[in-house]
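Scroll down for the structure; my scribbles are underneath it.
A short reminder: the numbers here are calculations on the coordinates, not readings from a lab. Only a predicted model underlies this, so the values are computations on that prediction, with no experimental measurement involved. As a convention, Cβ positions derive from the backbone with ideal geometry for all residues, glycine included, and neighbour counts pool all protein chains shown.
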Amino acid sequence: MSYFRFVLFACVLAYAVILLGAYTRLADAGLGCPDWPGCYGQLTVPASPEQVVDKAWLAQRPLEPDKGWKEMVHRYFAAVLGLVILVVVVWSWRRRRSNPEQAVWLPTLLLALVVLQAILGMWTVTLLLKPLVVLGHLLGGFATLALLALLAMRSMPRRPPGVPERWRAGAAVALLVLVAQIALGGWTSSNYAALACLDFPTCQGSWLPPMDFDEAFVLWRGLGVNYEYGVLEHPARTAIHVAHRVGALVTLLVLGWLVFAILRARRGLGGLAALIGCLLLVQAGLGVANVLLHLPLGVATAHNGVAALLLVSLVYLNGLLWQRQY
């Protein structure tokens with residue numbers, strides 16, 4: 001297998017880890033195992049309480065094997081991804097000996113990010129789903145995928161041809177807006193605010209429902225609190241949900257403008273712009289479906305997956321526009 005194909009494999013694996021992480025979080029299995037990196041002190045999930053060697057774990061949380069396996073499968077895939085990225089780093093430094101243009105600091109940054117992700121994964125459990133930690137873990141997963149996509153682009157046997165630079169600023173702004181919206185989505189999910197509004201386009205039958213923004217975005221609330229199923233009152237959750245909706249509208253307008261402008265110019269980026277536009281419409285549809293269908297697990301997981309694909313497509317677009325600079 002070539003270096004380029006191996007990096008592509010790492011991209012696919014990182015995408016799978018994001019989907020598994022979203023599925024685990026949305027299935028309320030984030031504390032399916034009360035310890036880390038094992039599950040009830042073991043490397044696999046015990047089938048029954050009798051199989052738990054250290055009964056002290058059962059005092060912390062009753063055994064739910066289904067949730068435990070969801071959590072452990074996610075950890076297994078994340079561990080494999082970490083090993084794959086380690087191979088990429090070693091391979092990159094070895095290739096640098098014969099190819100001075102081989103990127104080495106980007107893979108090294110990826111390895112540091114993987115270590116940080118492992119720490120955040122541990123804190124997600126030990127700090128009982130603290131929203132700020134859960135959000136950091138989610139953003140770390142998206143960042144891992146984005147950097148792997150950039151590395152794959154730099155490793156292509158044939159670099160993409162140059163394109164007009166006039167869209168640089170617009171593409172960079174679109175990427176920043178999308179990242180901010182992904183962060184808002186993560187904050188919504190980690191605070192269990194996705195179902196604060198069950199109607200659309202209004203919320204609780206009103207365009208301006210009762211909201212508490214002061215409480216909604218408090219990042220740190222101390223230690224020793226179990227955040228499973230959320231701790232915020234309904235007005236604070238509503239404020240988070242509405243903020244995510246407003247962010248979705250801004251994202252739709254900014255990315256939609258960029259797509260329309262590129263398609264209108266017909267300057268060699270039409271296919272990529274059309275892909276971004278299609279993903280954007282699908283993502284908007286999934287967001288509305290999450291509300292009207294009351295957050296079905298498959299739709300909610302797909303919402304995370306399409307967000308990741310949008311991120312990769314915008315990273316690729318920015319890579320094309322700035323390829324002489326990175």
(request) Quick one: among 217, 77, 142, which has the greatest mean-square fluctuation in a GNM of the chain with alpha-carbon springs under 10 angstrom? (result) 217
(request) Subtracting the Cα-Cα distance from 0.36 nm times the residue separation, let me have the gained length for residue 93 to residue 1 in nm, one decimal. (result) 31.4 nm
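Short version: what are the Cα gyration tensor semi-axes of the range 251-326, square root of 5 times each eigenvalue, largest first, in whole Å?
On the way: eigenvalues 148, 38, 13 Å².
Equivalent-ellipsoid dimensions as semi-axes: 27, 14, 8 Å.
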(message) Could you work out how much longer the chain between residue 35 and residue 265 gets when fully extended? Use 0.36 nm per residue separation minus the Cα distance between them, nm to one decimal.
(response) 77.4 nm
(message) Classify the chain from the C-alpha gyration tensor, please: rounded if a/c falls under 1.5, else prolate or oblate depending on whether a/b exceeds b/c.
(response) oblate
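Compute, for the range 164-326, the length of the dipole vector about the Cα centre, with Cβ point charges of +1 (Lys, Arg) and -1 (Asp, Glu) only. Units Debye, rounded to 20.
Values: 9 positive and 7 negative charges, 191 e Å.
So the dipole magnitude of the range 164-326 works out to roughly 920 debye.
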(message) Below 8 Å, C-alpha to C-alpha, sequence gap of six or more: please give me the relative contact order for the range 112-222 in percent.
(response) 30
(request) Starting from the exponent 0.38 and prefactor 2.2 Å, build the expected Rg for the range 164-326 from its residue count and divide its actual Cα Rg by it. (result) 1.15
(message) Could you give the length gained by full extension between residue 116 and residue 225, i.e. 0.36 nm per residue of separation minus their alpha carbon distance, to one decimal place?
(response) 37.0 nm
(request) Using the Kyte-Doolittle scale, find the helices of the chain whose mean hydropathy is at least 1.0 and whose Cα atoms extend 27 Å or more along the helix's long axis, counting only whole DSSP H runs. (result) 3-26, 105-126, 131-154, 168-190, 234-265, 270-292, 297-322
(request) Take each of the peptides 19-27, 270-278, 92-100, average the number of other beta-carbon atoms within 10 Å over its residues, and list them starting from the highest. (result) 19-27, 270-278, 92-100
(request) Mind listing the lone cysteines of the chain, meaning no other Cys beta-carbon sits under 4.7 Å from theirs? (result) 11, 278
(request) Find how many whole Å separate the alpha carbon centroid of the range 15-64 from the alpha carbon centroid of the range 224-289. (result) 32
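When only C-alpha pairs under 8 Å and at least 6 residues apart count, what is the relative contact order of the chain, in percent?
On the way: 407 pairs, mean separation 69.5, N = 326.
Relative CO of the chain lands at 21 percent.
Using C-alpha positions alone, give me the convex hull volume of the range 1-159 per residue in cubic angstrom. Write down the numbers at each step before the final one.
On the way: hull volume 17.4 nm³, N = 159.
Given the Cα convex hull of the range 1-159, per-residue volume reads 109 Å³.
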